[in-house]
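> Got a structure for you, written out below as structure tokens; questions coming shortly.
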Number of protein chains: 4
Amino acid sequence: MPTIHKYEDISQIDREAKRDLIDRHSPFITVKGEAKKGEILEVHVQLGQEYTHPDDFDHYIESITLFDGETKLAMTTFVPGTFGNEKSHAQVTFFIRPMKKKLNLIAHGYCTKHGIWESTPVEVEVAE
Amino acid sequence: MPTIHKYEDISQIDREAKRDLIDRHSPFITVKGEAKKGEILEVHVQLGQEYTHPDDFDHYIESITLFDGETKLAMTTFVPGTFGNEKSHAQVTFFIRPMKKKLNLIAHGYCTKHGIWESTPVEVEVAE
Amino acid sequence: MPTIHKYEDISQIDREAKRDLIDRHSPFITVKGEAKKGEILEVHVQLGQEYTHPDDFDHYIESITLFDGETKLAMTTFVPGTFGNEKSHAQVTFFIRPMKKKLNLIAHGYCTKHGIWESTPVEVEVAE
Amino acid sequence: MPTIHKYEDISQIDREAKRDLIDRHSPFITVKGEAKKGEILEVHVQLGQEYTHPDDFDHYIESITLFDGETKLAMTTFVPGTFGNEKSHAQVTFFIRPMKKKLNLIAHGYCTKHGIWESTPVEVEVAE
């Protein structure tokens, strides 16, 4: 408490409303290209793959935070209206520079009505 | 992952280093006076009661966040040096206005080396 | 642009609506007690002295930031509803530890409709 | 105070150290593609075009904020180490959805040693 809602595979869930709830709040991490030690790496984080989330004044995605394991790497905060007050995939592209052999990327999204949602972790092998 | 470290009663822990680790990172919530519906309520959050935490450039308390249940009420971010680069209890006093019968206050502290730490929840009865 | 609105002495302003606009957005800094080098100092920042500001979903105070000269010391972010969705003085008490002879405290408030507002600076002599 | 440092055209500046100082702190905004009303627009903000900025524990870029005129659209905060503790262009790609005819984009970067730096404004015509 606050609950850290974890992603569940929505293909295993029968009820449409629940699939929508989980998908639209869950952060999905996409790493662009190959990670190389000491080089800038592009990491896109988007909430929802199939379902979009409201961007209403009283119900919106307030932030997306990127962690490597326990360590916060960057955090982006939004306002209601960043996405035009229309249903959207809240998203941001972070840029990081890995200096070690492996990253364990994980993201949190925060919804002003439904709290904190955690992505599945993404292990990234970093080439020397 | 990231781990949400939960407060443990340190009087039950033998090892000094572990007591220190847990206490210095754990947020303690103090509500000042009686909570009354529609009136401003002062809520102090402090990290550590017995042990202080470094405020070093590479190891400091970066933020304190206050929740009511799942809902983020306010968040304060610090820089290394807010507390003079000396061992300190990172702290802040928030002001909120309760409009319902019960609050379930809970706080997170974030340490740049040791991640997220959660207070014990504080139930607050709000007088009409 | 964005404009940094500076505080104007509202006693010199005739129009009530303008006095209200300026006062309710302007941060006022109050230092508690005497500042001593190496000791924790309590710094209260409140928006508005005579006029309160809405805490509506589409119009609220989103943050208060405290600077010492050019240096950000701490920042507190709010959500619509931190102050019960009623007209309020958004406020927070920061704790800092001065390590030099003089502080030049200044605060910014950010309103989601009316942008950034700057307090008058407060010079603080720090006793050895 | 805090000073809002404005971008100056560095090709007009003789002294290398000053060109470096201004360039490495100044946000540069790049809008990808054509802006269309109601469609997601990608906005990249990068600090420095020719000179990179340290990512040291005691000297780093702490945040990049994107405004449309007076209105904050989104803010990204970094930690020392987001960019591997190497000299870098701190950067982020925001996604926004314009709903009006013209945007007046402007960005702030905050350096923990040299304060707030403002980009030149970028006017964006939004196609219906």
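The values are calculated or read from the model by the stated rules, or taken from the named source; none is laboratory data. Quick caveat, the model's predicted, so the values are computed rather than measured. Note: ideal-geometry Cβ built from the backbone for every residue, glycine included; neighbour counts use all protein chains shown.
> Is it the case that C:Ile64 is among the aliphatic types (A, V, I, L, M), within 20 Å of B:Phe94 (Cα to Cα) and in contact with a Gly (Cβ under 7 Å, 6 or more places away or on another chain)?
Yes.
> Return the residues of region B:62-78 that are within 12 Å of chain A (Cβ to nearest Cβ) and not small (Gly, Ala, Ser); say none if nothing qualifies.
Listed by number, the residues that qualify are B:Glu62, B:Thr65, B:Leu66, B:Phe67, B:Asp68, B:Glu70, B:Thr71, B:Lys72, B:Leu73, B:Met75, B:Thr77.
> Here's a check for you: in region D:2-36, which residue that is β-branched (Val, Ile, Thr) and in contact with a helix residue (DSSP H, G or I) (Cβ under 9 Å, 6 or more places away or on another chain) is nearest to the other protein chains (Cβ to nearest Cβ)?
Ranking the qualifying residues of region D:2-36, first place goes to D:Ile22.
Matching residues to (1) within 15 Å of the chain's Cα centre (by Cα); (2) at pLDDT 95 or above; (3) part of a strand (DSSP E or B); (4) closer than 24 Å to D:Met75 by Cβ:
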position: C:Phe95; (1), (2), (3), (4): yes, yes, yes, yes
position: C:Met99; (1), (2), (3), (4): no, yes, no, no
position: C:Ala107; (1), (2), (3), (4): yes, yes, yes, yes
position: C:Lys113; (1), (2), (3), (4): no, yes, no, yes
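> Another one. Please state which one of A:Asp23, A:Asp9 is within 18 Å of the chain's Cα centre (by Cα), closer than 25 Å to A:Val79 by Cβ and among the acidic types (Asp, Glu).
A:Asp23 is the lone residue from the list that is within 18 Å of the chain's Cα centre (by Cα), closer than 25 Å to A:Val79 by Cβ and among the acidic types (Asp, Glu).
> Just one of (1) without any contact (Cβ under 8 Å) to a residue 12 or more places away in the chain; (2) under 27 Å from B:Glu39 (Cβ atoms) trips up C:Lys18, so point out which.
(2)
> Of the residues that sit in region B:65-83 and are surrounded by 19 or more Cβ atoms within 10 Å (Cβ to Cβ), hydrophobic (A, V, I, L, M, F, W, C) and within 27 Å of D:Tyr60 (Cβ to Cβ), which one is nearest to the chain's Cα centre (by Cα)?
If we take residues in region B:65-83 being surrounded by 19 or more Cβ atoms within 10 Å (Cβ to Cβ), hydrophobic (A, V, I, L, M, F, W, C) and within 27 Å of D:Tyr60 (Cβ to Cβ), then B:Leu66 is nearest to the chain's Cα centre (by Cα).
> Can you go through A:Glu62, A:Glu128, A:Glu118, A:Glu42 and tell me which one is closer than 30 Å to B:His59 by Cβ and in contact with a Cys (Cβ under 9 Å, 6 or more places away or on another chain)?
Residue meeting the stated conditions: A:Glu62.
> On to the next question. Which residue, of A:Val45, A:Val79, is modelled with pLDDT under 95 and closer than 29 Å to D:Asp55 by Cα?
A:Val79
> I want to confirm something. Restricting to region D:41-61 and keeping residues that are part of a loop (DSSP other than H, G, I, E, B) and within 14 Å of chain B (Cβ to nearest Cβ), which single residue is surrounded by the fewest Cβ atoms within 10 Å (Cβ to Cβ)?
D:Asp58
> Looking only at residues that are assigned to a loop (DSSP other than H, G, I, E, B) and among the hydrophobic types (A, V, I, L, M, F, W, C) in region B:1-40, which one is farthest from C:Thr82 (Cα to Cα)?
Of everything passing the filter in region B:1-40, B:Ile13 is farthest from C:Thr82 (Cα to Cα).
> Has region C:78-85 got at least one residue that is touching a strand residue (DSSP E or B) at 6+ places or on another chain (Cβ under 7 Å) and part of a strand (DSSP E or B)?
Within region C:78-85, one or more residues are touching a strand residue (DSSP E or B) at 6+ places or on another chain (Cβ under 7 Å) and part of a strand (DSSP E or B).
> Is region D:93-113 home to any residue that is more than 9 Å from chain A (Cβ to nearest Cβ) and touching a helix residue (DSSP H, G or I) at 6+ places or on another chain (Cβ under 8 Å)?
Yes, region D:93-113 has at least one match.
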